[in-house]
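Contents: one structure, followed by commentary.
The values are calculated or read from the model by the stated rules, or taken from the named source; none is laboratory data. In this text, all values refer to a predicted model and were calculated from it rather than measured experimentally. All Cβ positions, glycine included, derive from the backbone under ideal geometry; neighbour counts span all protein chains shown.
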2 protein chains.
Amino acid sequence: MTDPENRFGDMDPETFRREGYRVVDWIADYLAHPERYPVLSRVAPGDIRRSLPADPPEQGEAFASILADFDRLIVPGITHWNHPGFFAYFAITGSAPGVLAEFLSAALNVQGMLWRTSPSVTELEEVSLGWLRQLMGLPDTFEGVIYDTASVSSLHALATAREAAVAGVRASGMAGRPELPRYRVYCSDQAHSSIDKAVILLGLGHDALRKIESDAEFRMRTDALERAIAEDRRVGVVPMAVVATVGTTSTTSVDPVAAIAAICQREDVWLHLDCAYGGAAAIVPECRWILDGADRADSLVMNPHKWLFTPFDLSAFYCRRMDLLRQAFSLTPEYLRTAEAGTVQNLMDTGVQLGRRFRALKLWMILRYFGAEGIRDRLSEHMRLARLFAGWVDADPDFERLAPVPFSVVCFRAKPRGKAWSEAGLEALNQRLLDAMNASGDVFLSHTKLNGRFTLRLAIGNLRTEQRHVARAWELATSLLERS
Amino acid sequence: MTDPENRFGDMDPETFRREGYRVVDWIADYLAHPERYPVLSRVAPGDIRRSLPADPPEQGEAFASILADFDRLIVPGITHWNHPGFFAYFAITGSAPGVLAEFLSAALNVQGMLWRTSPSVTELEEVSLGWLRQLMGLPDTFEGVIYDTASVSSLHALATAREAAVAGVRASGMAGRPELPRYRVYCSDQAHSSIDKAVILLGLGHDALRKIESDAEFRMRTDALERAIAEDRRVGVVPMAVVATVGTTSTTSVDPVAAIAAICQREDVWLHLDCAYGGAAAIVPECRWILDGADRADSLVMNPHKWLFTPFDLSAFYCRRMDLLRQAFSLTPEYLRTAEAGTVQNLMDTGVQLGRRFRALKLWMILRYFGAEGIRDRLSEHMRLARLFAGWVDADPDFERLAPVPFSVVCFRAKPRGKAWSEAGLEALNQRLLDAMNASGDVFLSHTKLNGRFTLRLAIGNLRTEQRHVARAWELATSLLERS
């Protein structure tokens, strides 16, 4: 310990200042050159665990030596989401103003369960979610709340749909109630696995989720949705909710929101929009159409930690029936009662998690630092880079593109000309190509399957990614294909 | 913007370094003197919201001006959980090594859903949870995982209990299944509201939660538990889980874990221990007894962000049947398949949230910085201060203590001698006293009700709290009582 006299306290402020500078320097150097590291960590399973003592330390240690171990032992096991060649899953950016905001938030260490436990947490959340809502062009009939992840946002959306559909579910639940029917939730076969997990957790059962087939461009087929609802009604299964996706995980396809909204309105079924990734694009005027009809949705999730430069985690949930969500979950034990409860929002009433970090701070700082203009420029640039890469794929007779590119993700695969390929042969070839590209250390791509076809995904979303990094990915793809 | 040329990038590293130093300085100054601020924010509802523009900014701004607004507009709406006079709810500390770890974690911005998305996230979580488990004296039959909050940990505990109790619940859910009985979850009348929210979310219904009466010292009565289980079985209601609490929210009472474990074993019912606050005390040898019998529990939650100096959020969940939890929730879409899946842990399989922050980093740094010895010293000191305050209460004929003090929370109230008080009169008096103490700006206490009695709570848990701050609380209580 740096201060053995201080047996009961925290690190003293001057040591904090010195060690804080040291950490700032480490981060500044790191962010200046994340490409010094291989994107994808090269450690083997168990390497990190075995490098650390199995037993807890008895004596305290100086922070500087812990930081040195972080650099020496932990960083080699990091996959660098900050690397400009990170193209896997959805590429993200924890931008500098967001990182500094998280630092401040950790230092304040406030807990936003009640308005009074820090009024700024509640009210800055209201303000910054209002800004984000306006940037996306959503009407003010949507009230917002911040959760950690889209999994939790969509869980609350479907819990609220359940509250609306199942009489007495809060008090009586669903088991041992022979009067209840079975319920159904609908999403496309391209929807995210978080929807599956939500129906399981809510006790609706995985079978309650009906995956609606998508069209040739991976968008939910509304005729199939209508048919499924009618079929279910005929056998007494009650439609509870439809989840439409704006920017699916595999191809970033956009379900036809307006048509689906019309069906939901007619059928009186809850409509939840999963815009976790794609929602950010609505900030760009050319993409505003993706949320056409969203004003008729009941709820919507958009993740600033995906494509809005926000350090993980921050999921923005909007709902037109927040009263119903509160009805489902609010519950105030005596030790959390406050005099002002009727006049303010207490965040604990809006969901299952009592404790809330001060996440709005980073959203507010990021929106101010970049401004609407700066955000539009950056998102447009990511989409330009994706179209550029897609053009290279399209122009090369040894590759093929497997989906449209509405945003910043390109789905493609190698299919060398002059040979009759089986699907299995193409999968093996592309898996080898993917592994070889990722082994380069310069890029990290992930894969998916589209209509049974093994598909490489190039996802652009990091502010450090420039055209030369995208070009490097293409150079690797073409040169490594020759050796695969 | 500091760099108008940089239209598509993030803040440049040298600006980050300069602004990072500025933030370090702000935090160092703040942590040196949090008592410059009133503990409880003095803003009125809407003040913060009205001080900010309702519309999002079009142009970006320099970070320094945003930081200045943070200090000028946001900080007045902060209730200072770092203030040494913060005695409300559970007092906590976001210790310096933890704050610096969160800063690093935000900068790395990795997402631990899969082992390969950063092996260090998964393996450091295994190592640091192993350390914590050993410090609490729990056997290695418990496997651990980190969630955000105890609400989410207990939710997963009860979801796993449901998986064990309800045949086919994952696939078929509970609605429209006339063959299913009703289920019951038991906890004491002192248990935390997160248990209520979990049974509601899981679709068991709030009525499925049976609150067992507690004894004169606010511990679950095991005879009442046995009677309730027998009664339920007689009418065909199936006991699913018992939640015992080690450190209840109102009084920090400790349910008789060993006796409850014996009942659960005999009845074949899942036992979950909510040690969110109290679990930390098991690190101190004199308190080791609180977890006697915990080796027979099925699951357990302990929150390092409560009484283990960890910035919010980090909830440690331990389970003897993690296989069952994975069976309930694991689900791997094609885009998340990896070659190493069989040989490593992928955190996404252990719960509903796909994305995971790198939370283990702060736990590891904190355990190393303070060491077991430093942790024991600090927790013991907090308990000493609480006993000291309790002694002052006991010695004053105008006050009375309303519960035992097993840890660091004191429940008390004013009851001036020489007058025949009604409960309503005492409540009004103590509410006035509480408001007056909190209005001082020097302390912040919260309240609860015990057997209908309005009770003040003094909770000690901040590393900045010294004897003089506890003495100040007592001085305020006695001097303000004269004027109340």
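Structure data summary
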| quantity | calculated |
| --- | --- |
| Which listed residue is free of Cβ contacts under 8 Å to residues at least 24 places away in the same chain and either in the same structural domain as B:GLU475 (by TED's automatic domain parsing) or of a type in the set (A, V, I, L, M, F, W, C) (or both), from B:PHE63, B:PHE86, B:PHE16, B:PHE90 | B:PHE16 |
| Those residues of the range B:12-37 which are basic (Lys, Arg) and either closer than 22 Å to A:ARG18 by Cα or facing chain A (nearest Cβ under 7 Å) (or both), in sequence order | B:ARG17, B:ARG18, B:ARG22 |
| Tally, over the range A:433-455, of residues that are closer than 20 Å to A:HIS382 by Cβ and assigned to a loop (DSSP other than H, G, I, E, B) | 3 |
| Test for A:GLU123: is it without any contact (Cβ under 8 Å) to a residue 12 or more places away in the chain, buried (at least 22 other Cβ atoms within 10 Å of the Cβ), more than 20 Å from B:VAL99 (Cα to Cα) and within 8 Å of chain B (Cβ to nearest Cβ) | yes |
| The range B:434-446 - residue that is surrounded by 21 or more Cβ atoms within 10 Å (Cβ to Cβ) and either under 20 Å from B:GLY278 (Cα atoms) or in contact (Cβ under 8 Å) with a residue 40 or more places away in the chain (or both) and, of those, nearest to the other protein chains (Cβ to nearest Cβ) | B:SER446 |
| Hey, B:GLY342 without any contact (Cβ under 8 Å) to a residue 60 or more places away in the chain and within 14 Å of another protein chain (Cβ to nearest Cβ) or not | yes |
| Unique match (being farther than 30 Å from A:ALA28 by Cβ, surrounded by fewer than 16 Cβ atoms within 10 Å (Cβ to Cβ) and among the hydrophobic types (A, V, I, L, M, F, W, C)) among B:ALA44, B:ALA64, B:ALA68, B:ALA32 | B:ALA44 |
| So A:LEU40, is it at the interface with chain B (Cβ under 9 Å from one of its Cβ atoms) and within 24 Å of the chain's Cα centre (by Cα) | yes |
| Residue within the range A:117-137 that is part of a loop (DSSP other than H, G, I, E, B) and not small (Gly, Ala, Ser) present | yes |
| Flag for A:ARG7 being at the interface with chain B (Cβ under 7 Å from one of its Cβ atoms) and over 29 Å from B:ARG17 (Cβ atoms) | yes |
| Residue ID - nearest to A:ALA395 (Cα to Cα), chosen from residues in the range A:416-432 that are free of Cβ contacts under 8 Å to residues at least 40 places away in the same chain and either among the basic types (Lys, Arg) or part of a loop (DSSP other than H, G, I, E, B) (or both) | A:ARG417 |
| Criterion (at pLDDT 95 or above and assigned to a loop (DSSP other than H, G, I, E, B)) met by exactly one of B:PRO57, B:PRO97 | B:PRO57 |
| Residue identified as touching a Cys at 6+ places or on another chain (Cβ under 8 Å) and among the charged types (D, E, K, R) among B:ASP255, B:ASP313, B:ASP292, B:ASP298 | B:ASP298 |
| Meets criteria (over 27 Å from B:TYR335 (Cα atoms), at the interface with another protein chain (Cβ under 7 Å from one of its Cβ atoms) and under 21 Å from the mean Cα position of the chain (by Cα)) for B:GLY137 | no |
| Within the range B:168-209, considering residues that are of a type in the set (A, V, I, L, M, F, W, C) and part of a loop (DSSP other than H, G, I, E, B), the one farthest from the other protein chains (Cβ to nearest Cβ) | B:ALA191 |
| Filter result for B:LEU104 (out of contact with any helix residue (DSSP H, G or I) (no Cβ under 6 Å at 6 or more places or on another chain) and either assigned by TED's automatic domain parsing to the domain that holds B:PHE317 or assigned to a helix (DSSP H, G or I) (or both)) | yes |
| Among residues of the range B:386-404, those that are among the aliphatic types (A, V, I, L, M) and buried (at least 22 other Cβ atoms within 10 Å of the Cβ), counted | 4 |
| Residues located in the range A:348-393, provided they are more than 9 Å from chain B (Cβ to nearest Cβ), under 20 Å from the mean Cα position of the chain (by Cα) and among the basic types (Lys, Arg) | A:ARG359, A:ARG376 |
| Meets criteria (in contact with a Leu (Cβ under 8 Å, 6 or more places away or on another chain) and at pLDDT 95 or above) for A:VAL301 | yes |
| Unmet criterion (only one of (1) under 15 Å from A:LEU135 (Cα atoms); (2) in the same structural domain as A:HIS447 (by TED's automatic domain parsing)) for A:GLU381 | (1) |
| The range A:26-48, residues that are among the small types (Gly, Ala, Ser) and part of a helix (DSSP H, G or I) | A:ALA28, A:ALA32 |
| Residues being more than 13 Å from B:TRP392 (Cα to Cα), surrounded by 15 or more Cβ atoms within 10 Å (Cβ to Cβ) and either free of Cβ contacts under 8 Å to residues at least 60 places away in the same chain or not β-branched (Val, Ile, Thr) (or both) - total across the range B:457-475 | 8 |
| Some residue of the range A:80-92 being in a helix (DSSP H, G or I) and facing chain B (nearest Cβ under 7 Å) | no |
| Only one of B:GLY98, B:GLY130, B:GLY173 that is assigned by TED's automatic domain parsing to the domain that holds B:VAL284 and touching a helix residue (DSSP H, G or I) at 6+ places or on another chain (Cβ under 6 Å) | B:GLY173 |
| Test: residue in the range A:145-167 that is in contact with a Phe, Trp or Tyr (Cβ under 9 Å, 6 or more places away or on another chain), within 30 Å of B:ASP435 (Cα to Cα) and either more than 7 Å from chain B (Cβ to nearest Cβ) or surrounded by fewer than 21 Cβ atoms within 10 Å (Cβ to Cβ) (or both) | yes |
| Residue within the range A:306-315 that is without any contact (Cβ under 8 Å) to a residue 24 or more places away in the chain and closer than 22 Å to A:HIS382 by Cβ present | no |
